[in-house]
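Everything on this sheet refers to the single structure shown next.
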Amino acid sequence: MTTTTTPRCPSRHDRPDVPLAIWPVAQTTAQWQRADRYLPACTAHPGKMLPELARRIVTEYSNPGDLVLDPLAGIGTTLAEAALLGRRAVGVELEDRWVALATQNLDHMLDGGHRHLAEVRQGDARRLPELLGDLAGQVDLIVTSPPYACDAGVIDKRAWLAGRRLCPDDTLNYSTDRANLGHARGPAYETAMAEIYAACHAVLRPGGHLVVVTKNTRRKGRTLDLAGLTVALATAAGFTYRQHVIALHAAIRDGDLAARPSYWQMTQIRHARQRGEPAHLVAHEDVTAYAKNQETADAR
């Protein structure tokens, strides 16, 4: 029997030097970025990428006519924004509910000149070569934001004030199916993501890029360095780490950061500090970018 060892998260001392950038992608709120563009039903998804962030990634790392893939497509944000920028876009999504909503979003947002550029395919992201078929090996850019290995749900404040759960069970972790990646934690999460990044490496063309959006989280007083874990898993899959971007979720106003914390965020931080935990408001996401080099592709 063979065993595999999950690569450790690289410390700041042994990570390669990469360019660091800061992107102000939340000068307007997420709600305003989606208003009158995305379907109202999108509020049911607990982990949506900022449209402006998707646009910025696609613009920076691809050219018009390129093929963009999101292997964890959700409501189709990456696909819609990529198509509007003149890229071809394919999304892979496991859950029936989100496949249907992503398709409806594309129908709603894209006119006749763009709708043919984007599509959603249902399936497991660990099987990308099979799902993409003839497109495997032709992908120019992969953009995705995986689950953050923590509970994610749609907040129901009224229910919470009435003594019920803050997030109804049917909104937690993207799916009611416990086998869904959104429910994975610890080694199970690391193993699944390692398989997904290996599949991404297999379908990306040599010289293409993988860009992953993550956010470090806290649970039971401990921080999960998800950005560091992502670097470790992606490089173990054969990618070269190229850039780290701080995607601001706070607006910049007169040279200062103007955060927009929710009531829930502030409550959580206050409770953590009361327990003696050095918690702070997180007002950014980590965007890590990687390349598939020709020599790495040949070696594999």
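The values are calculated or read from the model by the stated rules, or taken from the named source; none is laboratory data. Remember, predicted model here, so these are calculated numbers, not experimental data. Note: ideal-geometry Cβ built from the backbone for every residue, glycine included; neighbour counts use all protein chains shown.
Below, the figures for the structure above:
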quantity: Within the range 197-225, tally of residues that are buried (at least 23 other Cβ atoms within 10 Å of the Cβ) and at pLDDT below 95; calculated: 1
quantity: Any hit, the range 288-299, residues being aliphatic (A, V, I, L, M), closer than 27 Å to G123 by Cβ and out of contact with any His (no Cβ under 7 Å at 6 or more places or on another chain); calculated: yes
quantity: Hits in the range 217-272 - residues which are of a type in the set (S, T, N, Q), assigned to a helix (DSSP H, G or I) and closer than 24 Å to L20 by Cβ; calculated: T230, T235
quantity: Selection count where residues are assigned to a helix (DSSP H, G or I), in contact with a helix residue (DSSP H, G or I) (Cβ under 6 Å, 6 or more places away or on another chain) and of a type in the set (A, V, I, L, M, F, W, C), scope the range 107-136; calculated: 5
quantity: Any hit, the range 187-196, residues being over 24 Å from P51 (Cβ atoms) and at pLDDT 95 or above; calculated: yes
quantity: Residue in the range 237-253 that is within 30 Å of A136 (Cα to Cα), surrounded by 15 or more Cβ atoms within 10 Å (Cβ to Cβ) and out of contact with any strand residue (DSSP E or B) (no Cβ under 6 Å at 6 or more places or on another chain) present; calculated: yes
quantity: Failed condition for T235, given (1) among the polar types (S, T, N, Q); (2) at pLDDT below 95; (3) touching a Phe, Trp or Tyr at 6+ places or on another chain (Cβ under 7 Å); calculated: (2)
quantity: Within the range 204-249, considering residues that are touching an Asp or Glu at 6+ places or on another chain (Cβ under 6 Å) and hydrophobic (A, V, I, L, M, F, W, C), the one farthest from R126 (Cα to Cα); calculated: A247
quantity: Identity of the residue in the range 31-78, in contact with a Lys or Arg (Cβ under 7 Å, 6 or more places away or on another chain) and in a helix (DSSP H, G or I), that ends up surrounded by the most Cβ atoms within 10 Å (Cβ to Cβ); calculated: T77
quantity: Verdict on G276 being modelled with pLDDT of 80 or more and either more than 22 Å from the chain's Cα centre (by Cα) or acidic (D, E) (or both); calculated: yes
quantity: Selected residue (criterion: farthest from V213 (Cα to Cα)) from residues of the range 257-289 that are in contact with a strand residue (DSSP E or B) (Cβ under 8 Å, 6 or more places away or on another chain) and among the β-branched types (V, I, T); calculated: T288
quantity: Looking only at the range 273-297, and only at residues there that are in a loop (DSSP other than H, G, I, E, B) and of a type in the set (K, R), the one that is surrounded by the fewest Cβ atoms within 10 Å (Cβ to Cβ); calculated: R275
quantity: Residue that is farthest from L117 (Cα to Cα) [pool: residues in the range 83-95 that are touching a strand residue (DSSP E or B) at 6+ places or on another chain (Cβ under 7 Å) and not aliphatic (A, V, I, L, M)]; calculated: E93
